[in-house]
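No value in this document is a laboratory result; all are computed from the given coordinates. Note that the structure is a prediction, hence the values are computed from the model and not measured. Because the Cβ atoms are built from the backbone with ideal geometry, glycine has one as well, and the counts that use them run over all protein chains shown.
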Amino acid sequence: MVVTHLDHIELIVSDLDRFVHMFKAMGYVETSRSNHHGVSVEFQIPGIDQPIFEIHQVSGEEVVGVNHIAWRVDDVAAAADELRSKGVEVSDPNLVEATGRTIINGRDPDGWRIQFVDAKRAAPTE
């Protein structure tokens, strides 16, 4: 498995509108908005292969902070097989229709969620 890029970092925030304003003030461009996690907004610095920040309003039992870091791989199914062969537990590949990403999730040794994203991103359906 070869990680090719940092794909995105998902933040759970206390005030979505204030974070949207801050990211725009820093020069980030809003690249998408969906109903994923209530409302999810993605931002990216202009340029080739810049990582994405996905932010959404805290809800339910969530806590404010980093939800996960996601790395891009060429083939998420092959990455799942390789990680499992090395003793790392990960989910089966899953297409998240709201974002167009096919992902696998796991936990790092301290229990934080990690995610791997297929490089071939589909168009979001929401």
In nanometres, the difference between 0.36 nm per residue of separation and the alpha-carbon distance of residue 21 and residue 62 is 12.5 nm
By the Cα gyration tensor axes a ≥ b ≥ c (a/c under 1.5 gives rounded; else a/b larger than b/c gives prolate, otherwise oblate), the shape of the stretch 61-112 is oblate
In order over the stretch 64-72: 3J(HN,Hα) from phi, Karplus 6.51/-1.76/1.60, θ = phi - 60°, whole Hz, x for each Gly or Pro, gives 5, x, 6, 7, 6, 10, 10, 10, 8
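Set the Förster radius R0 to 22 Å, insert the Cβ-Cβ distance between residue 92 and residue 3 as r into 1/(1 + (r/R0)^6), and round the FRET efficiency to 0.05. Write down the numbers at each step before the final one.
On the way: r = 19 Å, r/R0 = 0.88.
After rounding to 0.05, the efficiency reads 0.70.
Report the Stokes-Einstein translational diffusion coefficient (µm² s⁻¹, integer) for the chain, Rh taken as the Kirkwood radius over Cα pairs, at 10 °C with viscosity 1.306 mPa s.
This corresponds to a translational diffusion coefficient of 105 µm²/s.
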So for the stretch 1-57, using the alpha carbon gyration tensor with a ≥ b ≥ c as root eigenvalues (a/c under 1.5 gives rounded; past that, a/b versus b/c decides prolate or oblate), I'd call it oblate
Rounded to the nearest 0.05, FRET efficiency between residue 114 and residue 29 (Cβ-Cβ, R0 41 Å) equals 0.95
Within the stretch 58-78, the residues whose backbone N lies under 18 Å from a label point placed 7 Å from the Cα of residue 14 along the Cα-to-Cβ direction are 58-67
Over the chain, the sum of -39500 (n - 2.57) across DSSP H runs of at least four, divided by residue number and rounded to 500 deg cm²/dmol, gives at 222 nm -4500 deg cm²/dmol
